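Q: Sharing a structure with you now.
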Amino acid sequence: MADDEQNPVGRAVERAGQVGRLGRSARVSRVAKAARAARPGRAGGTGRSEGADRMVELLGSRTGVLGAATGMLAAGAAAGIALERYVVGRRRTAGLRDDGPLGTRRGDPTIVKTTDGLELYAEVDEPSPRVADPLTVVFCHGYALNLDCWHFQRAALVGEARLVFYDQRSHGRSGRSPSNLCNVDQLGKDLAEVLTALAPEGPIMLVGHSMGGMSVLALADQHPEIFAERVVGVALLASSAGGLDSVTLGVPGPVGRLVHRLTPAAVAAISRAPGLIERGRKAGSDVAYFLTKHYSFGSKVSRARVEFVAEMLAGTPIEVVADFYPGFATHDKYHALEALHGVETLVMGGREDLITPVEHSREIAERHPAAEYVELSDSGHMFLIEHPDVVNAALLDLLGRAAAAAGSMTRRPVDETG
């Protein structure tokens, strides 16, 4: 009994096998084993947040949980970010020894110029010569973050494929976009231009976190032929295909509904006083640290990781936060999931995600039955930084399946009749 209690992965795999999903559960078992092998050994340490075998749970794509209930949207609760912008201050350096210097991996820099004249900053990591016919993997980051958020995934996949990372418009090192072009549909167009410039031919795999996943779905909506002809793998991490118009920041009941009604107006008001916000950043970072930890993570993580996320959020101008925020309420790309049928797909959700609640990932899995669905316990919105071993193992597993599919791509003809 004690062994069973300490091995939820085994229980999940057994349950999945009992309902006839042994192939799928076996793959998740491999993910868990790979994650356990990847993390450094430690004596003892059976704490709630330690160990891949205490993080991963496989839920069949037909979970019976029809999602898109009350939820927030993309990679950053705008009200929380606004407050973080107000109070974030000096850089915390304690605890950096845990993870080393985060966000410092660099590739070959390049610029992608969009049709509206904006410059998107990108970096490319070339594959190892030992990899025959490597895929190109394109990483799309989330709201108020930048390409550095893929620090751990970049380290894990380096050499295994051609890796492309880019900053979304108005984020990171990319150029500032006109407000009217700060929306998910435009991000889908930007992704198409990134592919044209940096991956013009050959099979590709797309990885999107939060708003980045929405960008992938926007591309699928606009260019289903790319998915029919070239895309062999898709990963949607802590993302949503719609239903983001109920913003509660994890606050239940009537108070949560009040938060939903007030947040857009509050974000807009704060954006009209950016100078005050920037001056307020010097007040200190204790509140920002708390908010980042609360809204980004579902378990205990090092101070360095919390600060890493806080600094990416703080590096996003409050006007940019306000520019993108209103469009999330009308985001609806469930119909675009049709383009992913026949594509190796991974959907991952964090059970403690307050930004894009796990119901959104469950709903995608419900509507895309062939997708691999992995749900992480003790995990918040930034589980790619919180539990990188598990995420990396799942992505490597997806990369293997996508590479196998690349040799003999068979897709349904695309209906272009409208």
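Q: May I ask you to verify whether Glu338 is acidic (Asp, Glu) and either touching a Pro at 6+ places or on another chain (Cβ under 8 Å) or on the phi > 0 side of the Ramachandran plot (or both)?
A: So Glu338 passes the test.
Q: Any residue in segment 335-349 that is within 16 Å of the chain's Cα centre (by Cα), of a type in the set (Val, Ile, Thr) and closer than 24 Å to Glu386 by Cα?
A: Yes, that holds for at least one residue.
Q: Return the total of residues in segment 195-226 being surrounded by fewer than 20 Cβ atoms within 10 Å (Cβ to Cβ), among the β-branched types (Val, Ile, Thr) and under 24 Å from Arg401 (Cβ atoms).
A: 1
Q: If you don't mind, another one. Find the residue count for segment 144-176, including only residues that are within 13 Å of Asp125 (Cβ to Cβ) and open to solvent by 20 Å² or more (accessible area, probe 1.4 Å).
A: Total satisfying the criteria: 6.
Q: Another question, then. State whether the residues of segment 260-280 include one that is touching a helix residue (DSSP H, G or I) at 6+ places or on another chain (Cβ under 9 Å), more than 23 Å from Asn180 (Cα to Cα), at pLDDT below 90 and outside any helix (DSSP H, G or I).
A: For segment 260-280, residues touching a helix residue (DSSP H, G or I) at 6+ places or on another chain (Cβ under 9 Å), more than 23 Å from Asn180 (Cα to Cα), at pLDDT below 90 and outside any helix (DSSP H, G or I): absent.
Q: Taking segment 346-369 as the search range and keeping residues that are farther than 18 Å from Met211 by Cβ and in a loop (DSSP other than H, G, I, E, B), which one is least open to solvent (accessible area, probe 1.4 Å)?
A: Across segment 346-369, the extreme among qualifying residues is His368.
Q: For segment 332-345, give me the residue count where each residue is open to solvent by less than 20 Å² (accessible area, probe 1.4 Å) and among the acidic types (Asp, Glu).
A: Adding up the residues that qualify gives 0.
Q: Could I ask something else about it? From the set of residues in segment 119-133 that are of a type outside the set (Gly, Ala, Ser) and in contact (Cβ under 8 Å) with a residue 60 or more places away in the chain, which is most open to solvent (accessible area, probe 1.4 Å)?
A: Checking each candidate, the answer is Asp133.
Q: May I pose another question? Looking at segment 309-345 only, could you name the residues that are more than 26 Å from Val234 (Cα to Cα) and either modelled with pLDDT of 95 or more or assigned to a loop (DSSP other than H, G, I, E, B) (or both)?
A: Answer for segment 309-345, where residues must be more than 26 Å from Val234 (Cα to Cα) and either modelled with pLDDT of 95 or more or assigned to a loop (DSSP other than H, G, I, E, B) (or both): Gly315, Thr316, Pro317.
The values are calculated or read from the model by the stated rules, or taken from the named source; none is laboratory data. Treat the numbers as computed from the prediction; the structure is a model and nothing was measured. Counting neighbours? That spans all protein chains shown, and the Cβs are built from the backbone with ideal geometry, glycine included. Just the protein is used for accessible areas: all its heavy atoms, side chains included, with ligands, DNA and RNA removed. Shrake-Rupley method; radii C 1.70, N 1.55, O 1.52, S 1.80 Å.
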